[in-house]
1. Looking at Thr65 and the list (1) within 18 Å of Glu303 (Cα to Cα); (2) within 16 Å of ligand 2 (Cβ to nearest atom); (3) among the β-branched types (Val, Ile, Thr); (4) open to solvent by 20 Å² or more (accessible area, probe 1.4 Å), which single condition is not satisfied?
2. In this structure, is Val42 closer than 24 Å to Ala169 by Cα and either assigned by TED's automatic domain parsing to the domain that holds Leu186 or in a loop (DSSP other than H, G, I, E, B) (or both)?
3. Search the stretch 43-59 for residues being in contact with a Ser or Thr (Cβ under 6 Å, 6 or more places away or on another chain) and polar (S, T, N, Q), and hand back the single one that is surrounded by the most Cβ atoms within 10 Å (Cβ to Cβ).
4. Which of the residues that make up the stretch 86-118 are away from ligand 2 (no atom under 14 Å from the Cβ), open to solvent by less than 10 Å² (accessible area, probe 1.4 Å) and touching a Lys or Arg at 6+ places or on another chain (Cβ under 9 Å)?
5. Could you tell me which numbered condition Gly141 fails, if it satisfies all but one of (1) under 14 Å from Ser10 (Cβ atoms); (2) open to solvent by 10 Å² or more (accessible area, probe 1.4 Å)?
6. Every residue in the stretch 26-43 that is within 22 Å of Phe120 (Cα to Cα), touching a helix residue (DSSP H, G or I) at 6+ places or on another chain (Cβ under 7 Å) and within 16 Å of ligand 1 (Cβ to nearest atom), please.
7. Of all residues in the stretch 184-231 being under 26 Å from Ile162 (Cα atoms) and without any contact (Cβ under 8 Å) to a residue 12 or more places away in the chain, which is nearest to ligand 1 (Cβ to nearest atom)?
Amino acid sequence: MSIYILGIESSCDDTSAAVIKDRKILANFIANQNVHKDFGGVVPELASRAHQQNIIPVIDKALRTANISKKQLHAVAFTNGPGLLGSLLVGASFAKAFSLSLGIPLIEVNHMHAHILALFIEDEHHPKHPTFPFLCLTVSGGHTQIMLVRDYFDMEVIGQTIDDAAGEAFDKAAKIMGLPYPGGPLIDKFAREGNPNAFSFPHPNIPGLDFSFSGVKTSILYFLRDELAKDPDFIEKHKADICASIQHTIVEILLRKVKKAVQDTSIKQVAIAGGVSANAGLRNALLSQEEKAGWQVYIPKFEYCTDNAAMIAVTGYFKYLQEAFAGQEVTPFTRFNSRKD
Ligand code: KG4
Ligand code: ZN
């Protein structure tokens, strides 16, 4: 018998709903919020209001596209954290009411685990899945972690950022350059035409498997301030080279630690997940390690890298198989370390 699950994601500024049949996605819709563009970042109050407006149309669209009725669903899975509290509450409240009214189980999902489990979505055009154990570099707007993944729900953080996340580093660098939020995809786009060695920024010296990006951000700020004082058109004239150099620096910082993690654990199956895994520079750097160092590299399908409900639905599926259900009293959590599962 096939299992149908509705997945709901509302942890930050994307409202998303997906329907999964076992591990196959039948529908996955995302309503992006344009209200934040002028503010240089996500405004939490605006985000929760937009979720409230988007959630029903997005779920309705997902169910219609999947061509199933509510009554066919076996469970509803929702992101319970980490994320913005007001945003999470919209998805959580909807999921609770939905499960109660249909009499189906409620499944809470950790957003960061879901980014990783997106690697297990079944797709005929993307047939490669890791086996356990593997390492996963999870890089998003709020987190940067190296996870040792022993099983679907047995994951250990073996390295993490001590300040900014990698996505934040991209976004802040872009903001310094005057690019709109979120700047990560724009840096990626302009970097394609640029020379990654045109400018160099210092690498942090952090022990073990931890990361730091605040120094890079400051050095980009000072570098551009000094160049703009000499030539006010410096950014416009060198946009591609600046973007390529910033991207090269961030990717190198990430890759060095992943190489160390491979060395420390002797695990050569390496995956990436999270919004920044959409970055072409990072994807290519990792893939080049297949030939250079004999790694097996796994990258989620492009559309499942940035926030989406398909990853919530597939995580819900694995939890459903374990009957790991939540009660109506469950409450969202904002920080990764504040809850284990
Ligand atoms: O996982 P995600 O969609 O949301 C969070 O859970 O935070 O990640 C969003 C982050 C943003 O910082 C965005 O700029 C970054 O991922 N991002 C990228 C690219 N696509 C998204 N950064 C660099 N290159 C990209 N192509
Ligand atoms: Zn995310």
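The values are calculated or read from the model by the stated rules, or taken from the named source; none is laboratory data. Every value quoted in this text rests on a predicted model; they were computed, and no experiment measured them. Quick reminder, even Gly has a Cβ in these numbers, built from the backbone with ideal geometry, and neighbours come from all protein chains shown. Only protein heavy atoms, including side chains, enter the accessible area calculation; ligands, DNA and RNA are left aside. Shrake-Rupley method; radii C 1.70, N 1.55, O 1.52, S 1.80 Å.
1. All conditions are met except number (2).
2. yes
3. Looking at residues that are in contact with a Ser or Thr (Cβ under 6 Å, 6 or more places away or on another chain) and polar (S, T, N, Q), I get Asn54.
4. Result: Leu106, Ile107.
5. Of everything listed in (1) under 14 Å from Ser10 (Cβ atoms); (2) open to solvent by 10 Å² or more (accessible area, probe 1.4 Å), Gly141 misses just condition (1).
6. Applying the first criterion (within 22 Å of Phe120 (Cα to Cα)) to the stretch 26-43 yields 26-30.
Now narrow it down to the ones that are touching a helix residue (DSSP H, G or I) at 6+ places or on another chain (Cβ under 7 Å): 26-29.
Passing the criteria: Asn28, Phe29.
7. Step by step, filter the stretch 184-231, then rank; the result is Thr218.
Conditions tested, residue by residue: (1) within 16 Å of ligand 1 (Cβ to nearest atom); (2) closer than 20 Å to Ile5 by Cβ; (3) not charged (D, E, K, R).
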position: Lys24; (1), (2), (3): no, yes, no
position: Ala66; (1), (2), (3): no, yes, yes
position: Leu73; (1), (2), (3): no, yes, yes
position: Ala95; (1), (2), (3): no, yes, yes
position: Leu117; (1), (2), (3): yes, yes, yes
